[in-house]
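Participant: Handing you this structure, nothing more for now.
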Amino acid sequence: MTSPLDRLFLLQEVLLEVDQKTERRGRTPDHLVHIEAAYHDARRQRDAAGAILSQAGERKKALDGEIQDFNEQMKKYQQQLQSVKTSREYSALLNEIDGLKREVRIREDELLSLDETMAGSSTDLDRRDEEFPAEEAGYEEQMKEWRAEQAVLDAEIAAAKKRAKSLRAELEPRLLKTFEQIRKKRAGVAVARVDMVGPQTAACSACHVRLRPQLLSDLRLSKETVFCESCKRILYWIP
Ligand SMILES: [Zn+2]
């Protein structure tokens, strides 16, 4: 027959196990850290080459559109040239046309340099695409053991969470609430065992402060939940 405090202490152990294993699962082992970094770097560079290429493609499309608009406008001016009455109107139109030609030239220059950029990035991307599968396979190969370890941890974490759930279901909500509140403030440890440090002297195992004799006798009678007067944790006495 287990007491509520036995169950509470067990729940705490299980929750600490969940925390510890979750932390371990998320932390890449030291000997794999640089392998992981190199892999992520290769991926980043590959993505960056792709991004440059697609940005240049977008810019090219925009420039082509602008050039088309300028050319259409130019055609209109050239038609108007045939029907102008004065030489002032004529030279004003010529000025407009010259301005448009300049705008077109600026964009054509930019298009040329974009073509160069795109050719470079495309070669770069091709090379990276070619190398990437081998890099990825090598990475996964080196990660294999760790992935298997992570899978074991996942299963253990899931099992521990299930146990915690069923332990919670057996506990009184009020006690559980107190437990959770203390746990939050005390790094996951809400229940502290009582250690005997002398024939008639006991201490809180979490903060090591000695218990008053009255507190110890309360614990022995276990009438109600007893808290450590120093760290305020729930005291757990195993006779
Ligand atoms: Zn204490």
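The values are calculated or read from the model by the stated rules, or taken from the named source; none is laboratory data. If you're wondering where the values come from, they're calculated on a predicted model, not measured in any experiment. Please note: Cβ atoms are built from the backbone with ideal geometry, for glycine as well, and neighbour counts cover all protein chains shown.
Participant: Restricting attention to region 208-219, report how many residues are more than 8 Å from the ligand (Cβ to nearest atom) and under 22 Å from residue 181 (Cβ atoms).
Facilitator: Of all residues in region 208-219, those more than 8 Å from the ligand (Cβ to nearest atom) come to 210-219.
After this cut, where a residue has to be under 22 Å from residue 181 (Cβ atoms) as well, the list is 211, 215, 218-219.
So the count comes out to 4.
Participant: Does residue 166 fit the bill of being farther than 17 Å from residue 9 by Cβ and either touching a strand residue (DSSP E or B) at 6+ places or on another chain (Cβ under 6 Å) or hydroxyl-bearing (Ser, Thr, Tyr) (or both)? Walk me through how you get there before you give the answer.
Facilitator: Working: farther than 17 Å from residue 9 by Cβ: no; either touching a strand residue (DSSP E or B) at 6+ places or on another chain (Cβ under 6 Å) or hydroxyl-bearing (Ser, Thr, Tyr) (or both): yes.
When the stated conditions are applied, residue 166 does not pass them.
Participant: Another one. Can you pull out every residue in region 112-144 that is more than 21 Å from residue 51 (Cβ to Cβ) and either among the polar types (S, T, N, Q) or outside the structural domain of residue 63 (by TED's automatic domain parsing) (or both)?
Facilitator: Result: 142, single match.
Participant: Can I ask one more? Inside region 220-236, can you point out the residues that are within 13 Å of the ligand (Cβ to nearest atom) and surrounded by fewer than 19 Cβ atoms within 10 Å (Cβ to Cβ)?
Facilitator: Start the filter on region 220-236 by keeping residues that are within 13 Å of the ligand (Cβ to nearest atom), which leaves 226-236.
Within region 220-236, 227, 229, 230, 231, 232 qualify.
Participant: Among 88, 147, 102, which is under 30 Å from residue 52 (Cα atoms), assigned to a helix (DSSP H, G or I), of a type in the set (Lys, Arg) and free of Cβ contacts under 8 Å to residues at least 40 places away in the same chain? If you could, list the steps in order and put the result at the bottom.
Facilitator: Details: 88 fails: under 30 Å from residue 52 (Cα atoms); 147 fails: under 30 Å from residue 52 (Cα atoms).
Exactly one residue qualifies, and that residue is 102.
Participant: Would you say residue 187 is within 14 Å of the ligand (Cβ to nearest atom) and among the small types (Gly, Ala, Ser)? Can you show your working first?
Facilitator: Numbers: within 14 Å of the ligand (Cβ to nearest atom): yes; among the small types (Gly, Ala, Ser): yes.
Taking the combined requirement at face value, the residue satisfies it.
Participant: Additional query: Run residue 77 past the list (1) under 35 Å from the mean Cα position of the chain (by Cα); (2) surrounded by 12 or more Cβ atoms within 10 Å (Cβ to Cβ); (3) assigned by TED's automatic domain parsing to the domain that holds residue 142 and report the number of the one that doesn't hold.
Facilitator: Here residue 77 meets the rest and fails (1).
Participant: Has region 8-27 got any residue that is over 23 Å from the mean Cα position of the chain (by Cα), in a helix (DSSP H, G or I), in contact (Cβ under 8 Å) with a residue 24 or more places away in the chain and assigned by TED's automatic domain parsing to the domain that holds residue 116?
Facilitator: no
Participant: With 117, 123 as the choices, which residue is among the hydroxyl-bearing types (Ser, Thr, Tyr) and loosely packed, with under 12 Cβ neighbours inside 10 Å?
Facilitator: None of the other options fit; the residue is 123.
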